[in-house]
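The values are calculated or read from the model by the stated rules, or taken from the named source; none is laboratory data. None of these values were measured; they are calculated from a predicted model. Here the Cβ positions follow ideal geometry from the backbone for every residue, glycine too, while neighbour counts run over all protein chains shown.
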Amino acid sequence: MESKPEEKRTHCIRCGECCLATGPSLQKSDLPLFFNHVLDNTHLYTIRKGELVRDNINDALKFTDQEIIKLGDQETGKGCILYDDGEKACTIYEDRPSQCRAFACWNSEEFKAVFAEPKATRKDIIKDPSLLRLISAHEKTCDYQVISHYVKQIQQKGDSIIREVLKILQYDQDIRRLTHEKLGIDPREIDLLYGRPLTETIHMFGLTVKQELDGSYLLTAEDAC
Ligand code: SF4
Ligand code: SF4
């Protein structure tokens with residue numbers, strides 16, 4: 001077995017390990033990739049402001065203070081959606097996003113510089129006014145600050161606050177379904193429009209949600225499961 005190759009490496013050998021870890025987030029400088037049809041909305045999802053994310057630079061979890069657009073993972077959950085595991089190659093290598101170009105597993109300086117540049121946002125990518133209105137309405141109702149405020153009150157106020165959180169969860173589910181059913185938006189684009197479903201991200205508040213047979217939700221504290 002090779003011993004710690006990353007310590008000796010001075011150039012990329014295209015081993016694909018970084019692509020198999022996760023995809024990049026997008027900077028504003030990556031926006032031409034949309035106009036050139038290298039990337040499309042089905043490749044992406046949004047991490048909304050206030051969401052818990054892994055800060056790979058500092059190797060820590062943090063609540064993001066800005067919106068992030070990220071390339072999705074493969075269905076297996078293993079690596080970037082644009083990595084071809086069979087070919088062991090990036091399918092858009094010549095046009096890969098700026099973070100991928102800057103990433104060097106033996107030296108993080110260039111990556112850090114690119115990472116600090118302005119991030120792409122949904123407004124850079126989505127131009128349809130009716131979708132932008134829906135995104136704005138969703139952001140207002142499902143604001144992570146609002147949810148966090150409610151969650152902090154659960155112990156003190158109990159069921160009345162739980163009902164408020166459940167209403168938000170239901171709204172999040174409904175707007176996703178209706179955007180697909182009524183506007184014909186590809187289901188693969190929904191997490192770009194509204195971020196990851198609250199039924200998944202609610203874990204960051206120490207809560208878990210189960211859907212009952214009648215479609216209603218049950219909210220419980222994770223340590224009570
Ligand atoms: S930068 Fe990525 S592909 Fe290149 S050698 Fe390092 S881990 Fe492998
Ligand atoms: S876009 Fe290409 S280079 Fe970048 S992480 Fe995905 S597969 Fe790797």
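Looking for something among the acidic types (D, E) and within 30 Å of I168 (Cα to Cα) - is there at least one such residue anywhere in the range 107-124?
Yes; the residues of the range 107-124 include at least one that is among the acidic types (D, E) and within 30 Å of I168 (Cα to Cα).
Return the total of residues in the range 168-217 being over 17 Å from I47 (Cα atoms), assigned to a loop (DSSP other than H, G, I, E, B) and at pLDDT 95 or above.
Residues in the range 168-217 being over 17 Å from I47 (Cα atoms), assigned to a loop (DSSP other than H, G, I, E, B) and at pLDDT 95 or above: 3 in total.
I'm trying to understand the selection: among the residues of the range 119-135, which are over 26 Å from T91 (Cβ atoms) and in contact (Cβ under 8 Å) with a residue 12 or more places away in the chain?
Scanning the range 119-135 gives S130, L131, L134, I135.
How about the range 40-63: which of its residues are buried (at least 17 other Cβ atoms within 10 Å of the Cβ), not charged (D, E, K, R) and not in a strand (DSSP E or B)?
Correct list: N41, H43, G50.
Specify the residue that is modelled with the lowest pLDDT; the eligible residues are those in the range 78-101 that are under 20 Å from the mean Cα position of the chain (by Cα) and of a type in the set (D, E, K, R).
K78
Go through the residues of the range 39-50 one by one and say whether even a single one is free of Cβ contacts under 8 Å to residues at least 24 places away in the same chain and in the same structural domain as R9 (by TED's automatic domain parsing).
Yes, the range 39-50 has at least one match.
For every residue, the table says whether it meets (1) within 16 Å of the chain's Cα centre (by Cα); (2) within 16 Å of ligand 2 (Cβ to nearest atom); (3) β-branched (V, I, T).
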residue: H11; (1), (2), (3): no, yes, no
residue: G16; (1), (2), (3): no, yes, no
residue: S25; (1), (2), (3): yes, yes, no
residue: K28; (1), (2), (3): no, no, no
residue: P32; (1), (2), (3): no, yes, no
residue: N36; (1), (2), (3): no, yes, no
residue: N41; (1), (2), (3): yes, yes, no
residue: L44; (1), (2), (3): yes, yes, no
residue: Q74; (1), (2), (3): yes, yes, no
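Considering every residue within the range 92-111, establish whether at least one is surrounded by fewer than 17 Cβ atoms within 10 Å (Cβ to Cβ) and either in the same structural domain as L193 (by TED's automatic domain parsing) or touching a strand residue (DSSP E or B) at 6+ places or on another chain (Cβ under 7 Å) (or both).
Checked against the condition, which is being surrounded by fewer than 17 Cβ atoms within 10 Å (Cβ to Cβ) and either in the same structural domain as L193 (by TED's automatic domain parsing) or touching a strand residue (DSSP E or B) at 6+ places or on another chain (Cβ under 7 Å) (or both), the range 92-111 yields no hits at all.
Any residue that is surrounded by fewer than 18 Cβ atoms within 10 Å (Cβ to Cβ), within 16 Å of ligand 1 (Cβ to nearest atom) and not in a loop (DSSP other than H, G, I, E, B) - is there at least one of those in the range 20-39?
Yes, the range 20-39 contains at least one residue that is surrounded by fewer than 18 Cβ atoms within 10 Å (Cβ to Cβ), within 16 Å of ligand 1 (Cβ to nearest atom) and not in a loop (DSSP other than H, G, I, E, B).
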